[in-house]
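Novice: One structure, as structure tokens, below. Some questions next.
Read-outs throughout are calculated quantities, based only on the coordinates presented, and are distinct from any laboratory measurement. For clarity, every value in this text was computed on a predicted model and none was experimentally measured. Cβ placement follows ideal geometry from the backbone for every residue including glycine, while neighbour counts extend to all protein chains displayed.
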Amino acid sequence: MATSLANGASVSLKGVTKRYGNFQAVHPVELTVNEGEFISLLGSSGSGKSTILMMIAGFEAPTTGSIYLDNQEIVGLPPYRRNIGVVFQRYALFPHLSVAGNIAYPLRRRSMPWRQVEMEVERALRLVNLEGLGDRLPSQLSGGQQQRVALARALVFRPRLLLLDEPLGALDRKLRQQLQIELKILHKEIGTTIILVTHDQEEALSMADRVAVMSKGQIEQIGKPSELFNAPANAFVADFVGETNLIPVDVVERSDDLVKVALEKTDKVVLVAASQCLTSRGSALLGIRPEHVKIVANEGMPLKIVERVFNGLTTSLLLALGNSKILVRAPTDMIGGIGGDILRVEFPISACRLYDKL
Amino acid sequence: MHRRTLLKAAGALGVASIFPAPLIAKSLKGSGEVVIYDGAGAWGEAMRSAYFEPFEAETGIKVIVEPTTDTGAVRASVMTGAPRYDIYIFSGGYANSFARDGLLEKIDFSFFERSDLDAFRPAKPTDYSCPTIIYSLLMAYNPAAFPNGGPQTWADMWDVSKFPGGRALGPGSWGGEAGTFEIALLADGVTPDGLYPIDFDRAFRSLDKIKASIVKFWESGAEGPQLVVDKQVAIAAAWNGRVSAVKDQGGEIAMSWHQALLQYDEFGILKGASNVENASKFIAFASRAKNQADFSNKILYAPPNSNAYQYLSKERAGMLPTVPDLLALQIVQNQAYWAALRDDGKDNTQYAAELWENWITR
Amino acid sequence: MPFLPRRSRHVGTAGMMAPVLVTLALIYMIPVVGLFIKSFQDRNGFTLDSYLNQLTSPAFLKLLVETLELSVGVTILCLLFGYPVAYTISRVNKRSAALLLLLISLPYLTSVLIRTYAWIVVLGPNGVVNQFLMSVGLTSKPVQLVFNQIGVYTGMVQIHLPLMIFPVYAAMTKIDRSLTAAAVSLGSSPASAFWHVFAPLTYPGIVGGSTLVFLSCLGFYTTPALLGGTADYMLAQGITLRVLRLADLAGAATQATILLTIVLAVFVLLRKRFAASLDDEASAPAPLKRGDGASSEPLLYGLQRRFSTILYRFGVIVSQVRNYVLWAVTAAVMFYLIVPFLVVVPLSFSSAAYLTFPPPGYSLRWYESFFSNTKWLEATWFSLRVSVMAAIASLAVGLPAAFALARRQFALKLPAYLLIISPMVVPQIVIAIALYLIVAPHRMVGTEHVFLLAYMLLGIPYVVVVAVAGLQRFDTSLESAAASLGARPAVVLFTITLPLLMPSIVSAFLFAFIAAFDDVVFGLFLSGRDAIPLPMRMWENIRQEIDPQISVVASILLFLVIVGYLAHNTLGRLRWSRVNGR
């Protein structure tokens, strides 16, 4: 399978909703995934991301709306006819079957000749670097190995779409990072369309071509990782993707290219480029990432240092600003030596973005 | 006194002795089948060789043996109109209650020899029933426990200081069938002719005296002798057949015939039976002296037809409870009493069972 | 299946419940309700007299309380002894587990009569236990160990232990051991990991096992009657007396109705527990994730890791000690379970014509008489055949219902569950006579079919209780995974669900089989010249005379099981080597 490129399928969701009783789990969702694309649904638990995945896989039926796989409506098609690979949160390896038995399972269902099954299983094991472990039972494998078996099983029948439901969530940090890289390489090799569901922004940003940020059953923003990071569509995305200081402000003055805001309950005024202003209201949130807060020797705002946290290469400082606090992060060698309990900072205009209040 | 008791008791059964039996019985030849119960085990074996096989040979009527069951199941079968057997063997006087409730057919005594009918003793046939075996509920004990001579009377059984050790009795919830109430009264000094009607209060007062020494109220006839052989108890009420059998086999057990209760089982033809005539023929056949002797040679149940003793060896007869010497020591149970209705519509067995449940849970 | 659209699920639920409900309606509800109606009637029409009589009878109330007490007591003891044994079995390899489970089911092979006799021998004044107590000087003269409560509990706990061990074991096999490891790595002590992580996950098994033991005890009176003393009289014994001897059907029906009402009321009062155990998806705790919660705090994580290493080492030591204790308890319980065979097998070779232990001499006479008697052989074959068929049929109608009960949401779920288990509560004699009154007019008595139906009634409650317990904590994502891999629902069922449910299915089958194979009560009513089950033959035999014959039957069954086990093992090994050799 590694050699024969199954080009990925396209997926599109049109007006898909899901309602459980009185609870609207998914609000109308529009989503198009291109052929061979690696897309990630990012959100905290309860955001509806898993429900969308389950609807694509066919385990849940949408309340309304349509789902197309390669422009073919698949709502109503039972999961076993969808030909979609799924890797489950806790792998869902069949405990009574050996590793080889697990991987052969989808091939047997497709009535593949016995010899060919053996060959395909071997290839799949090789693909996920598990040669020679075919006779083991899943319970005899480590977590990372189990994850690879689950992946091999989901890929062995060459699905044109692969769904990953928090596939790395049960692994420790180091292994997770290693597998993230492997998965990404694998995606390049096989070209299958992948939809990854995760609550881990780092995972989503580092692996996916595009990321859909979800909250409360809605897609807040969809875009390339850099777009999400640099141009969040709203305060939620700004906060969820990377860290952001969200400071309540009052708009003092709007002009064609500038918006002047006052930090709430202070007389300090900050300028924001009009192109970075995403709100028309008088009361808003000023977003600035901790790395973008500029530390200055003179002038700027003198703020009291509340807490210092050493992170290795960087150091974070928590500063008191009015009633709230802001986080500033800078290379340790730059601010590590700063003494005293006052830090002077500026909010560069290029780093400020104005959002509606949450 | 014992003889007098016996006669009185026999009289108390209220048995008419005039049956429409001709001097020369009608031929038993026939066809078809008769469905019967055989009690299984050694009893069934004895029935087969002494009754079933010769009956089939003589009459051409086939004997079908249906498996054993309890009176409750038999009663239910008659009530549904599909009796399990043509002939059932009743113990504990249940034939009387079946007859009372209209669940039995009359036996046609014209198939009986006059001589056989007249020889029934101590239990007599009635319109609806005919005794088939007689046995004795007696006292069995472990002789090794009493080197100076074992207990003889029920009063001895109650005398725990003189005859120490555990006791076992039958369950009073069976009414008269396990003899417990009669035994308790006899132990308390009631004379055999004063037994009926049972004075339940006195019986329970008597039982109270020995309750602490009673290890167990047994639940099956085989259990009493087993408890003695296993030395779980020193004295038990038990049926003679099993005690003799165990003794013959070398089991350490002895028995006393004094004040033993003579009980009997009766044939009865179930209402709605498909082969009523064949059933009467079978009962007549099984009432013949020679056949009953054959039967008693196979198993230690006594023949109700006293003429059967003519065909039994002295040695064999000496082991059977109705041989005159032993008969004189014993008391015939009034089985009809236990089936008799009380004022509240319950029979004495039902009444005793309720009292018994109250007593043992007290 | 979980991936079908919601609407069609309801049709499916009805379809899954229908076989069991129709079967129960025909062979249980219609007959028993008919009989119960009689308990409200007298010559003048409707009356509550029968109920007033019973409810004001001190004997009845006392029996009721004592019966419930004994049932609760036996259930608790079975849990105390059974839980560690199930735990041990769940930790050994599959082969040893199979052997241990087999040993546990051995007591069932002996008819209740010979088994209780063995206990009388063992516990009697000259028995092994008393000899031991006297030889170590704990007592100078024999202690009364039988024909009292000690005897009753000894016999009752022994026969009911398997009913507890199997469901608990089945629940334990489904627990991911990494969970406890995870809990330990997160800083809980092994003991606390056990109590807070492991034990709660075995809850469905405990509920299932306790339900079976408790219900079975309610109607079990032969063992208390034989091993108990003068005061050990059970409610079911009184009810049986009323049906079989006193011809008091109304009284029996009344007592049975009151017992059923009380037991069902207890279940309804505890319905939250049962509802929880019936509704797995809602109540299943979120799976523990290793490393979760630790990764966000590097400092704490490091500390925790260092601490947890120490804690874990300590835990390993503790669990080693506990292992010895565990093994000791397991060995003791196993010995307790098989001890009657140490009496039964020698007894079968006795030369005596009556039961006596030790036998005065040895011979094969009872084996000869068994094999030369076609009655015994026919009855054995009949019982084996019909019991196996009934157990399979019970699984066939019981399993779909268990699936519906454990996985579907539908109205009247708890009532349906209670209805299905209620045949275990109503004393069997009452069901038997009720069924008899219905089938007898149709000339069905004495047929194999009627036994098959009646035995199904015995098997279905076991199947449903065990299978519902087995379906708890069943990881449904495995079924979803199989579906996503291209398996249609039927294929998922046969390749994933049923194989994983096998420990529960096997124990359900075993219980259903044993319930049928051991049955005397239905035999009393339903047997006919061509349909006589083995227990009926034994019962006929022991009515008048107890001889070593019945110990032969038990010994032969034991022998067959051992041969079957060895054959299976050898075949299994052959297959194993073939697979590995290819």
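Novice: By average Cβ neighbour count within 10 Å, what is the ranking of B:128-138, A:135-145, B:304-314, A:89-99 from highest down?
Specialist: So the peptides B:128-138, A:135-145, B:304-314, A:89-99, ranked by packing, come out B:128-138, A:89-99, B:304-314, A:135-145.
Novice: A further question follows. Please give the FRET efficiency for residue B:315 paired with residue B:45, using the beta carbon to beta carbon distance and R0 = 25 Å, rounded to the nearest 0.05. The partial results should precede the final answer.
Specialist: Working: r = 21 Å, r/R0 = 0.84.
The calculated FRET efficiency here is 0.75.
Novice: With +1 on each Lys and Arg Cβ and -1 on each Asp and Glu Cβ, how big is the dipole of the range A:1-120 about its Cα centre, in debye rounded to the nearest 20? Display every interim value, and only then the final one.
Specialist: Numbers: 11 positive and 8 negative charges, 81 e Å.
Roughly 400 debye, rounded to the nearest 20.
Novice: Averaged over C:433-442, how many beta carbons belonging to a partner chain fall within 10 Å of each residue's beta carbon?
Specialist: Details: counts 4, 1, 0, 8, 4, 1, 2, 10, 4, 2.
So the per-residue partner count for this stretch is 4.
Novice: Under 19 Å from the 7 Å Cα→Cβ point of residue A:77, by amide nitrogen: which residues of the range A:178-210?
Specialist: Label zone hits: A:192-196.
Novice: Taking H placed 1.01 Å from N in the peptide plane, check which residues at least 5 places from residue A:258 or on another chain put their amide H under 5 Å from its amide H.
Specialist: Under 5 Å from the amide H of residue A:258: A:274.
Novice: Where nothing but the Cβ of Lys and Arg (+1) and of Asp and Glu (-1) is charged, how large is the charge dipole of the range A:212-358 around its Cα centre, in debye to the nearest 20? Walk me through the intermediate numbers first.
Specialist: Working: 16 positive and 17 negative charges, 41 e Å.
Approximately 200 debye in magnitude.
Novice: Count, for each residue of B:245-256, the Cβ atoms from other chains sitting within 10 Å of its Cβ, then give me the mean as a whole number. Mind dumping the intermediate values first?
Specialist: Numbers: counts 5, 8, 1, 2, 7, 6, 6, 1, 1, 0, 0, 0.
Per residue, the average neighbour count from other chains is 3.
Novice: Ok, one more. Nearest 0.05, what FRET efficiency do residue A:202 and residue A:358 give at R0 = 22 Å with Cβ-Cβ as r? Can you show the working numbers first?
Specialist: Values: r = 23 Å, r/R0 = 1.02.
Step by step, r from the Cβ atoms, then E = 0.45.
Novice: Of the peptides B:93-101, A:214-222, B:324-332, how do they stack up when ordered by the mean number of other Cβ atoms within 10 Å, highest first?
Specialist: Working: B:93-101: 23.3, A:214-222: 20.7, B:324-332: 18.6.
In decreasing order of mean packing, B:93-101, A:214-222, B:324-332 become B:93-101, A:214-222, B:324-332.
Novice: Which links in B:271/C:38; B:62/C:38; A:265/A:294; B:124/B:162 stretch past 29 Å when you go from one Cα to the other?
Specialist: Correct reply: B:62/C:38; B:124/B:162.
Novice: Also, quick follow-up: Using Cα centres only, tell me the gap between the range C:385-461 and the range B:262-292 in whole Å.
Specialist: 39 Å
Novice: Taking H as built 1.01 Å from N, whose amide H comes closer than 5 Å to the amide H of residue B:136, not counting residues under 5 places away?
Specialist: Sorted by chain and number, the residues that satisfy this are B:240, B:241, B:263.
Novice: Compute and list, largest first, the equivalent-ellipsoid semi-axes of the protein assembly as shown from the alpha carbon gyration tensor, each √(5λ) rounded to a whole angstrom. Provide the component values of the computation, followed by the final result.
Specialist: On the way: eigenvalues 1329, 192, 163 Å².
For the protein assembly as shown, the ellipsoid semi-axes come out as 82, 31, 29 Å.
Novice: If the reach is capped at under 18 angstrom between alpha carbons, list the aspartates and glutamates near residue A:260, excluding any in the same chain fewer than eight residues apart.
Specialist: Residue A:260 reaches A:250, A:346, A:356.
Novice: Could you work out the local net charge near residue B:309, counting Lys and Arg as +1, Asp and Glu as -1, over the other residues with Cβ closer than 15 Å to its Cβ? Intermediate results must be reported in sequence, preceding the final value.
Specialist: On the way: positive: B:121, B:288, B:290, B:314, B:316; negative: B:116, B:118, B:294, B:315, B:325.
The answer is 0.
Novice: Under a point spin-label approximation (7 Å from Cα along Cα-to-Cβ), what is the residue C:269-residue C:529 distance to one decimal in nm?
Specialist: Placing both labels 7 Å beyond Cα along the Cβ direction yields 5.3 nm.
Novice: Which of the peptides A:271-284, A:58-71, C:72-85 is most tightly packed, and how do the rest follow, going by the mean number of other Cβ atoms within 10 Å of each residue? Spell out each step's value before the answer.
Specialist: Numbers: A:271-284: 15.4, A:58-71: 17.8, C:72-85: 20.6.
Per-residue Cβ counts within 10 Å, averaged per peptide and sorted highest first, yield C:72-85, A:58-71, A:271-284.
Novice: Given C:223, B:259, A:142, which one lies farthest toward the positive end of the charge dipole of the protein assembly as shown, if we put +1 on the Cβ of every Lys and Arg and -1 on the Cβ of every Asp and Glu?
Specialist: With unit charges placed on the Cβ atoms, the residue in question is A:142.
Novice: Follow-up. Under 17 Å between alpha carbons, and skipping anything fewer than 8 positions from residue B:314 in its own chain: which lysines qualify?
Specialist: Here the lysines satisfying the reach criterion relative to residue B:314 are B:290, B:298.
Novice: Going 7 Å from the Cα of residue A:96 in the Cα-to-Cβ direction, what parts of the range C:455-472 have a backbone nitrogen less than 20 Å from that spot?
Specialist: Only C:463-472 pass the distance filter.
Novice: Report the Cα centroid-to-centroid distance between the range B:294-333 and the range A:318-358 in angstrom, as an integer.
Specialist: The two parts, judged by their Cα centres, are 117 Å apart.
Novice: Check the straight Cα-Cα distances from residue A:14 and name the lysines below 20 Å, setting aside those fewer than 8 residues away within the same chain.
Specialist: Hits, sequence-local ones excluded: A:49, A:216.
Novice: Which distance in nm do the two modelled labels at residue A:269 and residue A:63 give, with both placed 7 Å along the Cα-to-Cβ direction?
Specialist: For the pair residue A:269/residue A:63, the computed spacing is 4.9 nm.
Novice: Hey, got the dipole for the protein assembly as shown? About the Cα centre, +1 on K and R Cβ, -1 on D and E Cβ, debye to the nearest 20? Spell out each step's value before the answer.
Specialist: Numbers: 114 positive and 101 negative charges, 494 e Å.
Rounded to the nearest 20 debye, it is 2380 debye.
Novice: Follow-up. Under 18 Å from a point 7 Å along the Cα-to-Cβ line of residue C:126: which residues of the range C:145-159 have their amide N that close?
Specialist: C:145-147
Novice: As I understand it, the dipole of the protein assembly as shown uses +1 on the Cβ of Lys and Arg and -1 on the Cβ of Asp and Glu, about the Cα centre. Which of C:532, A:230, B:120 lies farthest toward its positive end?
Specialist: Result: A:230, furthest along the dipole toward the positive end.
Novice: Oh, and also: Could you calculate the FRET efficiency of residue C:41 with residue B:341 from 1/(1 + (r/R0)^6), where r is the beta carbon distance between them and R0 is 30 Å, rounded to 0.05? List each step's numbers first, then the result.
Specialist: Details: r = 20 Å, r/R0 = 0.67.
Plugging the Cβ-Cβ distance into 1/(1 + (r/R0)^6) gives 0.90.
Novice: Which of C:351, C:440, C:418 sits farthest toward the positive end of the charge dipole of the range C:349-444, with +1 on the Cβ of Lys and Arg and -1 on the Cβ of Asp and Glu?
Specialist: C:418
Novice: Averaged over B:215-225, how many beta carbons belonging to a partner chain fall within 10 Å of each residue's beta carbon? Could you put the intermediate results ahead of the total?
Specialist: Details: counts 6, 12, 8, 2, 6, 9, 5, 10, 7, 0, 4.
Averaged over the peptide's residues, the number is 6.
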